[in-house]
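In what follows, a single structure is set out as structure tokens and then discussed.
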Amino acid sequence: MKVEEKLYNNRYMVDEGHPHIAIVAKGAPSPALKSLVTVCPAGCYAEEEDGSVVVTPDGCLECGTCRVICAGTGELQWDYPRGGYGILFKFG
Amino acid sequence: MEKFDAIVVGAGPSGNSAAYVLAKAGLSVLQVERGETSGSKNVQGAILYATSLEKIIPDFREEAPLERHIVEQRLWMLDDRSHCGTHYRSDTFNEERPNRYTIVRAQFDKWFNSKVREAGALVVCETTVTELARDEKGKVVGIKTDRDDSVIHADVVILADGVNSLVGQRSGIRDEIKPEHAALAVKEMHFLPREVIEQRFNVKDNEGVVIEALGTVTMGLMGTAFLYTNGESLSVGIGCLVSDFRDSGTSPYVMLDKFKKHPSIAPLIEGSEVKEYAAHLIPEGGYKAIPKLHGDGWLIVGDSGQFVNSMHREGSNLAMETGRMAAETVVALKAEGKSMTEANLARYRKTLEDSFVMKDLKKYKNLPEILHENRQFVTTYPNLLSKAAETWFRVDGMPKLDKEKTIFRTFRSGRRLRGLIGDAVKIARAWR
Ligand SMILES: Cc1cc2nc3c(=O)[nH]c(=O)nc-3n(C[C@H](O)[C@H](O)[C@H](O)COP(=O)(O)OP(=O)(O)OC[C@H]3O[C@@H](n4cnc5c(N)ncnc54)[C@H](O)[C@@H]3O)c2cc1C
Ligand code: SF4
């Protein structure tokens with residue numbers, strides 16, 4: 001099963017034009033940043049053909065894992081979505 | 001300028017407990033929550049332990065949204081094709097005031113927060129607290145939010161903002177959590193008709209069953225899986241240390257699907273409709289990872305303070321206990337006319353030390369490291385146990401004495417005698 005199918009059942013309020021996570025490019029991605037491609041539970045990270053890592057946080061579950069993993073590398077800018085936006089758990 | 005007696009950041013179980021106790025005592029309280037409602041950002045298994053809530057709202061059973069009270073606990077060790085373990089089921093758990101319930105957090109938190117409002121606190125949702133505001137001496141005097149740049153003032157701020165604890169970090173009162181000190185858990189809600197759940201789990205009325213599992217299903221990573229029965233749904237999830245996920249590059253959803261396909265689990269969830277997929281961190285650093293908990297004008301409670309006993313899967317109860325104790329400290333200081341200085345707020349720390357919360361966390365203070373360095377508990381042992389059980393139960397003409405010898409040999413070759421004894425000693429030490 002693809003993770004997109006899992007996210008399909010979730011409720012979100014996407015804050016268009018205000019992504020709450022951004023990658024601060026610093027040359028080649030660190031192993032920590034690369035690990036997020038598989039570790040992010042919502043599959044928000046992808047590796048491009050040129051080896052760089054990109055993030056699309058629309059399906060983000062706001063767990064914080066990527067922030068904790070990359071805290072030491074300074075490659076991520078991570079904030080909560082603005083109040084009211086982001087994931088809306090029906091059950092949690 | 002309006003000034004509150006106290007501001008509570010966050011409306012999970014710790015924040016709701018704190019705000020409720022403060023408001024009930026007549027203090028002016030502002031509670032700020034970033035979610036649309038209390039609960040809309042929160043994830044739990046979820047087992048609620050009644051005692052901690054009873055201390056705050058004694059008759060909660062009359063109105064709280066509870067799913068099932070637990071009458072049976074299964075602890076399973078899984079290898080790829082089997083499970084072995086223990087079950088404990090008792091009719092004594094069918095008591096008038098049951099001790100453990102399954103809950104659905106989004107609904108439960110919403111209810112708890114409604115009690116906070118009834119008690120008189122001002123609750124503001126859809127607002128994220130960005131940082132603590134301080135005076136020239138460094139004392140915390142209030143908060144800033146993402147609504148505007150102005151400071152909202154209070155005598156004391158209680159940080160109940162959960163495991164990510166960004167407010168404290170960004171205000172320089174604590175460090176970022178470490179990947180070794182947090183588990184990432186993913187969870188799905190599987191819906192089934194009530195009768196189907198009752199047949200599959202051999203329960204009636206509001207009786208419930210919980211299954212905790214560990215073994216090869218976590219693919220060599222340190223963690224556990226769970227399946228809990230709710231009224232009309234099953235909570236199915238799995239979690240492992242963040243550092244393990246990072247180092248192995250394993251996807252949590254791949255692991256969850258492996259658990260769901262396990263031959264002991266698949267028949268239990270067959271035909272269910274999945275209505276949600278969630279992920280959340282759990283603080284698992286234990287006693288040694290607890291940050292500084294109080295300072296001039298501030299206190300930390302719940303997950304934000306690493307208050308989780310991962311061995312016993314207790315978190316929400318410790319959140320309620322710490323929220324209550326912090327609030328009671330503030331109420332007492334207020335009554336005595338004392339200010340919210342670091343020295344005065346130290347009473348919170350003292351109360352914690354005297355309670356089961358710190359005593360339990362201290363008891364297991366070495367466990368996180370021991371589990372971290374001894375992967376055999378989730379890799380080798382499940383396989384060995386399964387092989388032993390299979391050898392023992394299969395009737396195939398092999399003399400029983402030979403069976404015993406085979407089992408012993410498998411254990412010795414799997415872990416060697418020194419390893420086996422060493423493991424027993426390590427676990428015994430960690431338990432003390
Ligand atoms: C999968 C899973 C299973 C679990 N199972 C169990 C179990 O069976 N039993 C048990 O007792 N415990 C369990 N736990 C642990 C339990 O969920 C936590 O210990 C508990 O939720 C902690 O409560 P809290 O109030 O401290 O934090 P949280 O419940 O995380 O609440 C924090 C609140 O603060 C809000 N917030 C955060 N930052 C801000 C900000 N900057 N501004 C405004 N608001 C903010 C959040 O939106 C949230 O509402 C489990 C946890 C997980 C993830
Ligand atoms: S917070 Fe969690 S879900 Fe969101 S991008 Fe980071 S790892 Fe993925």
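Quick notes
- Cross-chain or 6+ apart pairs with Cβ under 9 Å, the stretch B:168-180 first and within 14 Å of chain A (Cβ to nearest Cβ), then of a type in the set (S, T, N, Q) and outside any helix (DSSP H, G or I): B:Arg170/B:Thr130; B:Arg174/B:Ser165; B:Glu176/B:Ser165; B:Ile177/B:Asn164; B:Ile177/B:Ser165; B:Ile177/B:Gln306
- Filtered by the rule that a residue be part of a loop (DSSP other than H, G, I, E, B), touching a helix residue (DSSP H, G or I) at 6+ places or on another chain (Cβ under 9 Å) and buried (at least 17 other Cβ atoms within 10 Å of the Cβ), the stretch B:109-127 gives B:Ala119, B:Ala121, B:Cys125.
- Residues (hydroxyl-bearing (Ser, Thr, Tyr) and crowded, with 18+ Cβ neighbours inside 10 Å) located in the stretch B:54-100: B:Ser82
- The sole residue among B:Glu342, B:Glu369 that is out of contact with any helix residue (DSSP H, G or I) (no Cβ under 9 Å at 6 or more places or on another chain) and not aromatic (Phe, Trp, Tyr) is B:Glu342.
- Note on the stretch B:181-196: residues that are facing chain A (nearest Cβ under 9 Å) and among the aromatic types (Phe, Trp, Tyr) amount to 0.
- Of all the numbered requirements in (1) in contact with a helix residue (DSSP H, G or I) (Cβ under 7 Å, 6 or more places away or on another chain); (2) crowded, with 20+ Cβ neighbours inside 10 Å; (3) within 14 Å of another protein chain (Cβ to nearest Cβ); (4) hydrophobic (A, V, I, L, M, F, W, C), B:Ala266 misses one, and that requirement is (2).
- So B:Val330, is it in contact with a strand residue (DSSP E or B) (Cβ under 9 Å, 6 or more places away or on another chain), assigned to a helix (DSSP H, G or I) and over 24 Å from B:Ala289 (Cβ atoms): yes
- In the stretch A:69-88, the condition of being more than 7 Å from every other protein chain (Cβ to nearest Cβ), in contact with a helix residue (DSSP H, G or I) (Cβ under 8 Å, 6 or more places away or on another chain) and of a type in the set (S, T, N, Q) is met by at least one residue.
- Exclusive hit being buried (at least 20 other Cβ atoms within 10 Å of the Cβ), within 16 Å of ligand 2 (Cβ to nearest atom) and under 26 Å from A:Asn9 (Cα atoms), set B:Ala185, B:Ala106: B:Ala185
- Residue in the stretch A:55-71 that is touching a residue at least 24 places away in the same chain (Cβ under 8 Å), among the acidic types (Asp, Glu), within 16 Å of ligand 1 (Cβ to nearest atom) and farther than 22 Å from B:Glu176 by Cα present: no
- Selection of the stretch A:38-62 for residues being touching an Asp or Glu at 6+ places or on another chain (Cβ under 9 Å) and in a strand (DSSP E or B) yields A:Val53, A:Val54.
No value in this document is a laboratory result; all are computed from the given coordinates. Predicted model, so just to flag it, every value in this text is computed and none were measured. Cβ: placed from backbone, ideal geometry, glycine included. Neighbour counts: every protein chain shown.
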